[in-house]
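Visitor: Structure provided below as structure tokens; questions to follow.
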Amino acid sequence: MKLIFLGPPGAGKGTQAELTSQRFGVAHISTGDMLRAEMREGTKLGLEAKAYVERGELVPDDVIMGMIAERILKADCAGGYLFDGFPRTIAQAEALSKISDIDIVINLEVPPEVIVRRIGGRRMCAGCGACFHTSTFDGDFCDKCGAALYTRDDDKPETVANRIEVYERKTKPLVEFYQKLGLLRTVDASGSPQSVQERIDALLGDIR
Ligand code: AMP
């Protein structure tokens, strides 16, 4: 199974991608997580990406495509993979079509007030990158690895506004791109992670 999760910041792509990857035993490829890991480790790529990520801008397509081309060759991708936060531009989608086929694109749709609420309460683990929300988890340390939780710099309100604007301008055209290819399925992504997961499972039943 090769799948893409599409949707604005705060739609729940990371949460649903993680749940789906566990249930179907496919690799979870999050370009945002990969970039944050590079930034934490202070690699050349991480330093290059930092300025873009902190402003809520997109990292250049060639940098992202280099990461993806390498990632999908890893052993854990042999049984399939799902992309979370990639592709984010038409150029990335076109480049992807040259290196991988895709079975389905799940477009997570949420109203603006849900986006604001979800991003506002989001906390990340500095150790393993797990994602939490203050409405369901009130600790300061990760329950998986014990490291401290923090608020992403790019989750600050002024940066979030830019990320949403960038989504509308550069990423939303992918909805039509994948619709034309007959791959797009739109899911109502408001509600609990569990209820959204059930809607996604219903779509994936045929593909497994
Ligand atoms: P995310 O964790 O998916 O919200 O991504 C966080 C940030 O990483 C984004 O706001 C971008 O700056 C950068 N980023 C992640 N994925 C991509 C991508 N596919 N193309 C360009 N920039 C990306």
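Visitor: Report the label-to-label distance for Ala51 and Ala161 in nanometres (one decimal), using points 7 Å from each Cα along the Cα→Cβ vector.
Guide: 2.4
Visitor: Which entries in the list Lys2/Lys44; Lys2/Lys98; Lys44/Lys170 go over 19 Å, if you measure between the two C-alpha atoms of each?
Guide: Lys2/Lys44; Lys44/Lys170
Visitor: What value, in deg cm²/dmol to 500, does the helix sum -39500 (n - 2.57) over DSSP H runs of n ≥ 4 give at 222 nm once divided by the residues of the chain?
Guide: Value at 222 nm, helices only: -13500 deg cm²/dmol.
Visitor: Something else about it: With labels modelled as points extended 7 Å from the Cα through the Cβ direction, what inter-label distance (nm, one decimal) is found for Glu176 paired with Glu198?
Guide: 3.5
Visitor: Highest GNM mean-square fluctuation, the chain, Cα pairs closer than 10 Å: which of Gly127, Gly66, Gly46?
Guide: Gly66
Visitor: Measuring from a point 7 Å past the Cα of Arg40 along Cα-to-C-beta, which residues in region 2-32 have an amide N at less than 17 Å?
Guide: 14-15, 18, 28-32
Visitor: In percent, what relative contact order does the chain have, based on Cα pairs under 8 Å that are 6 or more apart in sequence?
Guide: In percent, rounded to a whole number, it is 31.
Read-outs throughout are calculated quantities, based only on the coordinates presented, and are distinct from any laboratory measurement. Just so you know, these numbers come straight off a predicted model, no measurement behind them. Reconstructed Cβ throughout: ideal geometry from the backbone, glycine too, with neighbour counts over all protein chains shown.
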